[in-house]
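For reference, the structure discussed in these notes is given below.
Read-outs: derived from the displayed coordinates by stated rules, not from any lab. Every value quoted in this text rests on a predicted model; they were computed, and no experiment measured them. Cβ: placed from backbone, ideal geometry, glycine included. Neighbour counts: every protein chain shown.
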Ligand SMILES: *Cc1c(COP(=O)(O)O)cnc(C)c1O
């Protein structure tokens, strides 16, 4: 028994038609904690319990903290989750709903993380959100499932925050003898810490994260994925916030799935596949899920960007069709 479940891999007719290639979606949002995080976190928590951990401590107001809370309740181990002051009431309520203690400390993730480390006592196990080989080993199980569920894909698409998911995906590919299948690693423009790390040749701290895809907002990636980029075919792709939101809207409208823009980003990246991998015909997208976005929030964002597009369209049509319009 594992804490995570085996998730479906479905063919997306809508997305396949849209890009003219076969698109399959690995539905990680169906995990009981609403994201793929439970694979790695569940695996790590079970291991820590075996080693005698009496409490799990994590720093995350997002899907990682929620997954640790879920795992702790299931395993009968108390959990403390330290979250920054910016964390929404809804996120805190979700974590408390899993019977975990929520401690609000610090203005940023870095501050709450430092505090979480400072309160660790004997018998406490610390769960990182992305930079831990135990997590990667757990995340890799999704690739073992994919290898059983379908014939060989020729491209995997996944989102990158701190890089735990990417490290797990590559580990899974290597473990199943699929180590030559390339990965398109997707970020939003305002959370492009992997992009920066690839450019610098090592993880670098971004001065600021600014994206609706908050689950991609690790300001510095794990060194592991920079190393992996040298031994595995990985290409990095950036999408805009508007594209990421549209990706989530597509999952909602075509597949009745509510996801965060962190997940929509990978769907949006499909439009860019022909530039990066012109020959890829059979593509698996890790639909990583996420509990942080309500349907109302998603539709508000979507309306915002639709209005913005319409305004741009109107101003362009002024220029093109109304030569007598006043000079700007
Ligand atoms: C955590 C998370 C990511 C990013 O995963 P990393 O392991 O940090 O790269 C993407 N999407 C969702 C929904 C997440 O919860």
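If each residue's Cβ is checked for other Cβ atoms within 10 Å, how do 173, 127, 228 rank with the fewest at the top?
In increasing order of surrounding Cβ atoms, one gets 228, 173, 127.
Over the chain, what is the percentage of antiparallel beta bridges among all DSSP beta bridges, to the nearest 5?
Within the chain, antiparallel bridges account for around 10 percent of the total.
With a point put 7 Å past each Cα toward its Cβ, work out how far residue 282 is from residue 108 in nm, to one decimal.
4.5
Using mean Cβ contacts within 10 Å as the protection proxy, how do 306-315, 38-47 order, highest first?
38-47, 306-315
When only C-alpha pairs under 8 Å and at least 6 residues apart count, what is the relative contact order of the chain, in percent?
About 18 percent, as a whole number.
At residue 101 and residue 312, where each label point lies 7 Å from the Cα along Cα→Cβ, what is the point-to-point distance in nanometres?
For the pair residue 101/residue 312, the computed spacing is 4.9 nm.
Taking 8 Å as the Cα distance limit and 6 or more residues as the minimum spacing, I'd like the relative contact order of segment 37-130 as a percentage.
Relative contact order comes out at 35 percent.
Please identify, among 54, 15, 238, the residue showing maximal mean-square fluctuation in a Gaussian network model of the chain using a 10 angstrom Cα cutoff.
Checking each option, the largest mean-square fluctuation is seen for 54.
Evaluate E = 1/(1 + (r/R0)^6) for residue 117 and residue 300, where r is the Cβ-Cβ distance and R0 equals 45 Å; express this FRET efficiency to the nearest 0.05.
0.80
Quick one: 136, 301, fewest Cβ neighbours within 10 Å first, how do they rank?
Final ranking by Cβ density, sparse to dense: 301, 136.
Could you give the length gained on full extension between residue 14 and residue 189, defined as 0.36 nm per residue of separation minus the Cα-Cα distance, in nm?
Length difference between fully extended and current span is 60.4 nm.
Once R0 is set to 35 Å, what does the formula 1/(1 + (r/R0)^6) return for the Cβ-Cβ distance between residue 88 and residue 175, expressed as a FRET efficiency to the nearest 0.05?
0.45
Rounded to the nearest 5, what is the percent of antiparallel bridges among the DSSP beta bridges in segment 37-130?
That works out to approximately 0 percent antiparallel.
Using only the alpha-carbon atoms, how far is helix 109-118 inclined from the longest principal axis of the chain? Give it as 0 to 90 degrees, nearest 10.
Compared with the principal axis, the helix lies near 0 degrees.
Give me 13, 51, 224 sorted ascending by neighbouring Cβ count inside 10 Å, so fewest comes first.
51, 13, 224
Which one, 151, 137, 98, has the greatest fluctuation when you compute a Gaussian network model over the chain with C-alpha springs under 10 angstrom?
For the chain, modelled as a Gaussian network with Cα springs under 10 Å, the answer is 151.
Using just the helices of the chain, give the 222 nm mean residue ellipticity in deg cm²/dmol: DSSP H runs with n ≥ 4 each add -39,500 (n - 2.57), and the total is spread over all residues, rounded to 500.
-14000 deg cm²/dmol
I need the semi-axes of the equivalent ellipsoid of segment 82-178: take the C-alpha gyration tensor, multiply each eigenvalue by 5, square-root it, list largest first in whole angstrom.
Taking √(5λ) for each Cα gyration eigenvalue gives 33, 15, 13 Å.
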